[in-house]
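Structure, as structure tokens:
The values are calculated or read from the model by the stated rules, or taken from the named source; none is laboratory data. Please read these numbers as outputs of a predicted model, since none were measured by experiment. Counting neighbours? That spans all protein chains shown, and the Cβs are built from the backbone with ideal geometry, glycine included. Surface areas here come from the heavy atoms of the whole protein model, side chains and all, with no ligands, DNA or RNA. Shrake-Rupley method; radii C 1.70, N 1.55, O 1.52, S 1.80 Å.
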Amino acid sequence: MALSLPSPVVIALLIAVVFTAAVFDVRYRRIPNWVSVSGAVLGITLNAIVQRGLPGVVFSLKGIALSFSIYFVLYALHAMGAGDVKLMAAVGALVGWQNWLGVFFISAIVGGILALIIVVRRGRVQRTFRNVGFILSQMTRLRPAYLAREELDVRSPQAVSLPHGAVIAVAILFFLSISAHFIG
């Protein structure tokens, strides 16, 4: 995986999309479709312009395909909301599949750190480790864990959750910083 710094116009749109999504996700716990869809459409369009035609379109479509595929599995397991899936597809359209993998890994690290902070602050460390063990045991049996424990369903009010749109926005800042440092 080789990270590359997107063009300045793509960076500007990327920041606008993810931070708009983050504000909505923090305030309302949802990401509007117009944010994600416009990000994806503009990502395809900008990459077609920047990369002179079909190569830019293919670049964006590969990013959408990979990000949507991975996040759809998380959505099907009730680990992510639909808005998160669509937002990451827009990010994939903007940065392409290789850079999206970097964003994905950085998002996982940032999300994991924030989740640990929330778990510790709410005094749920033991319960969380039991839930992780339960999830792993259910995975070995090919059963979704949320069917047996409602608190493991991201859509449940009992679930401990964090706005993933905000996590993605922070991850984008780290991604851009890392890319600029190693590329520039």
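Would you mind stating whether Gly112 is loosely packed, with under 12 Cβ neighbours inside 10 Å and farther than 30 Å from Gly63 by Cβ? Here the answer is no, as Gly112 does not meet what is asked.
Within the range 1-32, the set of residues being in a helix (DSSP H, G or I), touching a residue at least 60 places away in the same chain (Cβ under 8 Å) and under 13 Å from Val91 (Cβ atoms) comprises Val10, Ile11, Leu13, Leu14, Ile15, Val17, Val18, Phe19, Ala21, Ala22.
Can you find even one residue in the range 15-24 that is at pLDDT 95 or above, over 18 Å from the mean Cα position of the chain (by Cα) and hydrophobic (A, V, I, L, M, F, W, C)? Lay out the reasoning, then the answer.
Within the range 15-24, the subset at pLDDT 95 or above is 15-24.
Keeping just the survivors that are over 18 Å from the mean Cα position of the chain (by Cα) gives none.
No, the range 15-24 has no match at all.
What number of residues within the range 123-142 are among the charged types (D, E, K, R), open to solvent by 70 Å² or more (accessible area, probe 1.4 Å) and in contact with a helix residue (DSSP H, G or I) (Cβ under 9 Å, 6 or more places away or on another chain)? Can you show your working first?
To start, the set of residues in the range 123-142 that are among the charged types (D, E, K, R) comprises 124, 127, 130, 141.
Okay, now just the ones that are also open to solvent by 70 Å² or more (accessible area, probe 1.4 Å), so 127, 130, 141.
Pick out the ones that are also in contact with a helix residue (DSSP H, G or I) (Cβ under 9 Å, 6 or more places away or on another chain) and you get 127.
Residues flagged as among the charged types (D, E, K, R), open to solvent by 70 Å² or more (accessible area, probe 1.4 Å) and in contact with a helix residue (DSSP H, G or I) (Cβ under 9 Å, 6 or more places away or on another chain) within the range 123-142 amount to 1.
Residue under question is Ser69, and the condition is that it be open to solvent by 50 Å² or more (accessible area, probe 1.4 Å) and in a helix (DSSP H, G or I); does it hold? Break it down into steps so the answer makes sense when it comes.
On the way: open to solvent by 50 Å² or more (accessible area, probe 1.4 Å): yes; in a helix (DSSP H, G or I): yes.
When the stated conditions are applied, Ser69 passes them.
Taking each residue of the range 33-53 that is closer than 18 Å to Ala169 by Cβ and hydroxyl-bearing (Ser, Thr, Tyr) and looking for partners that are open to solvent by 20 Å² or more (accessible area, probe 1.4 Å) and in a helix (DSSP H, G or I) with beta-carbon atoms closer than 6 Å, six or more apart or interchain, yields Ser36/Lys86.
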